[in-house]
Amino acid sequence: MCGIVGIVGNSPVAPLIVDALKRLEYRGYDSAGIATIEHGRLDRRRAEGKLVNLERRLKDEPLDGMIGIGHTRWATHGVPNESNAHPHFSDGVAIVHNGIIENFAELRDELMRDGYSFTSQTDTEVVAHLVARELAKGLKPVEAAHKALKRLEGAFALAIMFKGDEDLIVGARNGPPLAVGHGDGQMFLGSDAIALAPFTNSITYLEDGDWAVVRRNQVDIFDMGGNKVDRKRQQSLSTSFMVDKGNRRHFMEKEIHEQPEVISHTLAHYVDFVGGVSKPLDLPFDFAKIDRLAISACGTAYLAGLISKYWFERYARLPVDIDVASEFRYREMPLSKNDAA
């Protein structure tokens, strides 16, 4: 899964973004990049491979600016190279993106008919061009971003910057997670709270369909209809230690050795180890009244779902369907009032 970091700061942000991207290395990636604005001008550095390659590039060609966005990419559309690495630019617009724009081919054809050319193989570049086209029509940056977002289909988390505005990042979520971090005279965007842990522990998580106007001293969150919405601001328990490899060679080795402790902490929410009994669960439904259970999950959560399928069917005698979450959304599963998903 790709990683996103955005900072509207009060000091040069490029080194901070690199450090934040390092905390997202556990996600896996094949290229990385950063864009900043200085004196109204957009600039970027990108590199194929590990973040060390981007760091070398920045050492030779530093980026200044107190606002910026960064990204680690795991290739879906197009090979992993510098041209396909994020951020992508279009006429004063810079953008980074997690997820997949499902109608990108249709949008690309439309944009090409309007004279826009593409320098990458990615689905992301269509978003940059869509926003730039709305700017060319006379819309202001926030309005242009909102209008472009409404054209998108699929799963996406986005961070968008605009040439000439050093106090604005527009973020959007439809599927992949995106969080806003609150600071003192500075604001942050991140794929998760772990990326933002060294900067702030005051976090607002965007919900599906939300988009946010992030400035140094405030954030306004809207739904896709343009209506302002309130989202809970909360204290994050994430720490930078959580994404440190420690004395392990890589994150997978670290996670393997952490499994006993993680499982114990997880089970402690549901089991009283002293009494040897399960704790009462506050659930919105009664398992005894359910005829069937549907589970959707991805990655290791999907593997956990496979185990739970065996347990539910063996011990609760409850039929279970399980799907990879990215495919479940396309499935038209018949659900009765006594089914739970």
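We did not get these values from a lab; they are worked out from the coordinates using the rules stated. What you see is a predicted model, and the numbers here were worked out from it, not measured in a lab. We place every Cβ from the backbone using ideal geometry, glycine too, and count neighbours over all the protein chains shown.
Side notes on the structure shown:
- With neighbour counts taken as other beta-carbon atoms within 10 Å, the residues Met161, Met333, Met224 rank, fewest first, as Met333, Met224, Met161.
- HN-Hα J in Hz across region 174-183 - Karplus 6.51, -1.76, 1.60, θ = phi - 60°, x for Gly and Pro: 8, x, x, x, 8, 10, 9, x, 9, x
- Among the lysines of region 251-340, pairs at least eight places apart or on separate chains and with Cα atoms under 24 Å apart come to 5.
- Computed extension gain for Asp109 through Glu258, at 0.36 nm per residue and net of the alpha carbon distance, reaches 48.8 nm.
- If R0 is 22 Å, the Cβ-Cβ spacing of Arg215 and Asp64 corresponds to a FRET efficiency of close to 0.65.
- As a proxy for reagent exposure, Leu189, Leu281 were ordered by neighbouring Cβ count within 10 angstrom, fewest first; the result is Leu281, Leu189.
- Interchain or long-range residues, amide H under 5 Å from Asp123's placed H: His77
- Ranking of Ile256, Ile194 by neighbouring Cβ atoms within 10 Å, starting from the fewest: Ile256, Ile194.
- Backbone N atoms of region 1-44 closer than 12 Å to the 7 Å Cα→Cβ label point of Ala304 are not found in any residue.
- With contributions of -39500 (n - 2.57) from each DSSP H run of at least four residues, the per-residue ellipticity at 222 nm computed over the chain stands at -8000 deg cm²/dmol.
- Sequence-distant lysines (8 or more away, or on other chains) whose Cα lies within less than 30 Å of Lys163: Lys22, Lys50, Lys59, Lys137, Lys140, Lys147, Lys150, Lys228
- Tail weight of P(r) past 27 Å, computed on alpha-carbon pairs of the chain, percent: 50
- Percentage relative contact order, the chain, counting C-alpha pairs under 8 Å, at least six apart: 13
- Helix 299-315 vs. the chain, principal-axis angle (Cα, 0 to 90°, nearest 10): 20
- Protection proxy ranking of 230-236, 300-306 - average other beta-carbon atoms within 10 Å, highest first: 300-306, 230-236
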